[in-house]
Every structure is written in structure tokens, then in C-alpha cells.
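Values in this text are rule-based calculations from the coordinates and carry no lab data. Owing to the predicted nature of the structure, the values given are computational and were not obtained by experimental measurement. Counting neighbours? That spans all protein chains shown, and the Cβs are built from the backbone with ideal geometry, glycine included.
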Amino acid sequence: MGEAKEALGREPPDYIVASVHLRDGIKALRKIGDTQEQVETLHLRLLEYEERSMGDMSHFEFELPDLTSEADDARQQVAGQSLPEALTRSAHQERSSA
């Protein structure tokens, strides 16, 4: 759990990393047994860190490419075939174009 404290000592504090280390510490304590009080205390702290970590995350957007022609080509490749034949053909087609 020293790693969690270290992550919080950074500027700015890294609550995501601290959460991961705290979660690992909680797992270890549960394996030891007879540590329920410590586990509960650390779990509350983990919830706080996870809440604060939301501020560490950034928002990003991206545009997906238009795959309409690829989808149309795939449909044409398997048109009129049974499902097993279509799956086999699709699998072989994907492998050959990779």
C-alpha cells in the first residue's frame, strides 16, 4: 500500500494508480483473514480514490470510418449461401486479406 501513497504524493496526485494499488492491498488482506476492519476502512478509501480518479480522465472523440462499402462487399461474397458456407467463406476471406 506504499505504492498507493507514492501515487498520491505525485503532483498532481494519481488517483487511478493509487486505486489499483489499494485494490491489490485489499485483496492481500482478505487472503490473510481476520482483517475485516482494515478491509472495510481501505474499501471506503478506495471508493473515495475511484471517485477522485474520474477527474484524471480526459474526454476524447473520434470519427469512425465509413465501412458501408466493405459491409456491402461482405454481403455480396456470401449471398445465397447457407450459414455454415457463409461463415467458412467469410473466415477464409478475412484470413486472405489480412
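Across the stretch 37-42, coupling constants 3J(HN,Hα) worked out from phi with the 6.51/-1.76/1.60 Karplus curve, θ = phi - 60°, read 5, 5, 4, 5, 5, 5 Hz, and Gly and Pro carry x.
Using C-alpha pairs below 8 Å separated by at least 6 residues, the relative contact order for the chain is 19 percent.
Every Cα-Cα pair in the stretch 4-54 was counted, and those over 17 Å apart are 32% of them.
Given the options Leu29, Leu64, Leu87, state which has the largest fluctuation in a GNM of the chain using a 10 Å cut-off (strictly under) for Cα springs. Comparing Leu29, Leu64, Leu87 in the GNM, the peak value goes to Leu87. Only one of the listed values, (i) 1.38; (ii) 0.99; (iii) 0.95, was derived from the coordinates as Rg/Rh (Cα atoms, Kirkwood Rh); which label is it? Of the listed options (i) 1.38; (ii) 0.99; (iii) 0.95, (i) comes from this structure. Relative to the Cα centre, the charge distribution of the chain, modelled as +1 at Lys and Arg Cβ and -1 at Asp and Glu Cβ, gives a dipole magnitude of about 480 debye.
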